[in-house]
DNA sequence: AATGGGACCTGCGCGC
DNA sequence: TGCGCGCAGGTCCCAT
């Protein structure tokens, strides 16, 4: 799943390769990912635009094309961006940068969305988005939880609350901090929240440094896998032995999402 | 206000 | 070997 570390990895790779480059053409294999405008309008607006800047907000990737023209891409669950010489499997939209450089938006499930906007900050998802975890101090982080009765793990995944955390890193963070995923946020002691902050930040930084987690279909834009899978402690480890205490990792559904945790280590 | 469930979508793993 | 069922999950939307 492309969460903060995966989108950051994509951002860094594509910034290096595509900033300053011109989009020669757009091939729309499937118009469903394109929101707001017709395929024709989308294609015509983008054609011949130069990529000025690429940045990330939460799980949203944004290409600045002009002062008042942004291309926003949300990969949702299964979307990946592959920069290669050929059309890739499940390509839905292909941005042709010339010289055999095709940026493929691949998405088997067609949940990914791309849109053109004059002001990326006005995109509803951005307007309601919580703060960036990597741009917060621990005091600010702890203050977020004041008076929150919600379960901690679904809360971490709530994009209005905190930006960029999805099902993988929320599970990993609460395991690292020794917090039960169903603990009520306002019932967690301050020192435990501080631990959660340290865990979350270090996990995100580590994941970014190794190119994200290639669970399911995620790949870096050069087609290689991320390397954080081997560091995952609980995600998709249902029934396996806990790396800390050797007891069995359990799977529950919390906030409607599959959640693996160690009942012994996470009280 | 917070929580839960359905919809969107389809490849894939599993059971028979 | 082959078929069909249902899970997986980010976000939005609706209901309670």
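Taken together, the values in this text are just the output of simple stated rules run on the coordinates, not laboratory data. Since the model is a prediction, treat every value here as computed from it, not as a measurement. Note that we place each Cβ from the backbone using ideal geometry, even for glycine, and neighbour counts take in every protein chain shown.
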**Report entry** Shape category assigned to the range A:46-187 from the gyration tensor of Cα positions, a/c cut at 1.5
**Finding:** prolate
Query raised in the report: In degrees, nearest 10, range 0 to 90: what is the angle between the Cα axis of helix A:190-209 and the longest Cα principal axis of chain A?
Result: 40
Report summary line: Candidates A:166, A:147, A:212; GNM for chain A (alpha-carbon contacts under 10 Å) flags as most fluctuating A:147
Report summary line: For A:168-180, A:40-52, ranked highest to lowest by mean beta-carbon neighbours within 10 Å, the order is A:168-180, A:40-52
Report task. Provide A:202, A:213 in ascending order of the number of other Cβ atoms located within 10 Å of each residue's Cβ, fewest first. Result -> A:202, A:213
Query raised in the report: Given Cα pairs under 8 Å that are at least 6 residues apart, what percent is the relative contact order of the range A:133-261?
Result: 22
Query - chain A: C-alpha gyration tensor shape, a/c 1.5 cut-off, then a/b vs b/c - result: prolate
Query - Inter-probe distance in nm under a simple model that places probes 7 Å from Cα toward Cβ, at residue A:191 and residue A:132 - result: 3.3
Query raised in the report: Rounded, prolate or oblate: which fits the range A:122-267, taking a ≥ b ≥ c as square roots of the Cα gyration tensor eigenvalues, rounded meaning a/c under 1.5, else prolate when a/b beats b/c?
Result: oblate
Query raised in the report: Add -39500 (n - 2.57) for each DSSP H run of 4 or more in chain A, then divide by its residues: what number comes out at 222 nm, to the nearest 500 deg cm²/dmol?
Result: -7500 deg cm²/dmol
Query raised in the report: Any idea what angle helix A:167-176 forms with the longest principal axis of chain A, computed on alpha-carbon atoms, 0 to 90 degrees, nearest 10?
Result: 30
Query raised in the report: Angle, helix A:4-18 long axis vs. longest principal axis of chain A, Cα atoms, 0 to 90°, nearest 10?
Result: 30
Requested in this report: Given the options A:39, A:214, A:230, state which has the largest fluctuation in a GNM of chain A using a 10 Å cut-off (strictly under) for Cα springs.
Outcome: A:230
Query raised in the report: Which of the peptides A:55-64, A:253-262 is most tightly packed, and how do the rest follow, going by the mean number of other Cβ atoms within 10 Å of each residue?
Result: A:55-64, A:253-262
Query raised in the report: What share of all Cα pairs of the range A:4-127, in percent, falls into each consecutive 10 Å distance bin?
Result: 14, 50, 35, 1
